[in-house]
Each structure stands twice: as C-alpha cells, then as structure tokens.
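Single-structure report; data block below.
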Amino acid sequence: MKILLTIFLTAFLFTGINAQTAVWKADAQTLAGTIRSVALKNEYRKLIGWSYAKQGSFYADSLHDYAIVYVYDNKSCTLPDLSVTKMSTDPNVQASHATNNQALVYQTASGVYLLMGPSDKKTPYKVNVSCIGAVYVLWRKHK
C-alpha cells in the first residue's frame, strides 16, 4: 500500500510541475511575441536566444546597439537578476545589471531587459541570469 501511495503522490507531483511549466511556456511565448513586435517597431532583430539557460555569450561590435531580454517564471523565481559582463582579463571590469523596474509582465511570465550601446571593437560579453528562463539578444544598426 505504501508503494502504491508513493507512486500516486510522485505522479501527482510531476503532473503539477509539468502543468505549471506548460502554462509558463505558453505565457512566455505570448510575452516573446509582444517583445518581438515592439523590437521590430524599433528596428531590432534577434541576434541569438537561449531557452532554459542560465548563461550565454555573444559578440558586440561598434556598428550595432543591443538589447538583452530575460523572460522568467515569476511564480518560481522571486529575485530575478540579469547581468552582462564584458569578458576581459582586467579584474576591474564590472557587470551591468537589469533592474526590476524595467519589468515586462504577462500572467506567469515576467521579464527584464538591459540596453547596450556599441562597443569600441568586436568584444565578447557573458550573460548570466539567476533563474532558468529564456534569454534573447536583439540588435539594430547604431543611430
């Protein structure tokens, strides 16, 4: 009887987790569509994106402006943090952080963004986030 009860509770728990994830995925897709339409109006295009990742990297150059967008599950991630750091051997290089007042919200999906200007030369940047979510790097020609 204990084995049957354990199997039932485990199945119930995984069903709840998958249902919440499916709801968040749908909300995240809706939020991503909104981000895409606003980005296109402002002449941004998607450079790269990661799903279910906590870090990534990209190159920035002197010809483009960049927007880094982080979409996360607001039910499971209470303190979201998006940081972008220039990859360098210099120990004085500090990370740039997005703040919560730059929030994008649609039901269970929320997001923050960070805007960057062009770099002096082609420079690698590392993106770190606090909770697993979707990260998008958008770019447009510098004006």
Expected single match for in a strand (DSSP E or B), hydroxyl-bearing (Ser, Thr, Tyr), out of contact with any Leu (no Cβ under 9 Å at 6 or more places or on another chain) and touching a residue at least 60 places away in the same chain (Cβ under 8 Å) among Ser57, Ser62 is Ser57
Yes or no: Thr10 modelled with pLDDT of 90 or more, among the polar types (S, T, N, Q) and more than 15 Å from Ile68 (Cα to Cα)?
-> no
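Okay, residues lined up against (1) of a type outside the set (Ser, Thr, Tyr); (2) touching a Ser or Thr at 6+ places or on another chain (Cβ under 9 Å); (3) surrounded by fewer than 13 Cβ atoms within 10 Å (Cβ to Cβ):
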site	(1), (2), (3)
Asn74	yes, yes, no
Lys86	yes, yes, no
Pro91	yes, no, yes
Ala109	yes, yes, no
Tyr113	no, no, no
Met116	yes, yes, no
Lys121	yes, yes, yes
Ala134	yes, yes, no
Any residue in segment 123-143 that's touching a residue at least 40 places away in the same chain (Cβ under 8 Å) and of a type in the set (Val, Ile, Thr): show its pairings with residues that are crowded, with 17+ Cβ neighbours inside 10 Å and not in a strand (DSSP E or B) at Cβ separation under 8 Å, as long as the two are six or more apart or on different chains.
-> Val129/Pro80; Val129/Asp81
Just one of (1) on the phi < 0 side of the Ramachandran plot; (2) of a type in the set (Asp, Glu); (3) modelled with pLDDT of 90 or more; (4) loosely packed, with under 14 Cβ neighbours inside 10 Å trips up Glu43, so point out which.
-> (1)
What number of residues within segment 65-90 are without any contact (Cβ under 8 Å) to a residue 12 or more places away in the chain and closer than 23 Å to Ala103 by Cβ?
-> 1
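The values are calculated or read from the model by the stated rules, or taken from the named source; none is laboratory data. These numbers were taken from a predicted model, which means no experiment stands behind them. Virtual Cβ from ideal backbone geometry, glycine too; neighbours counted across all protein chains shown.
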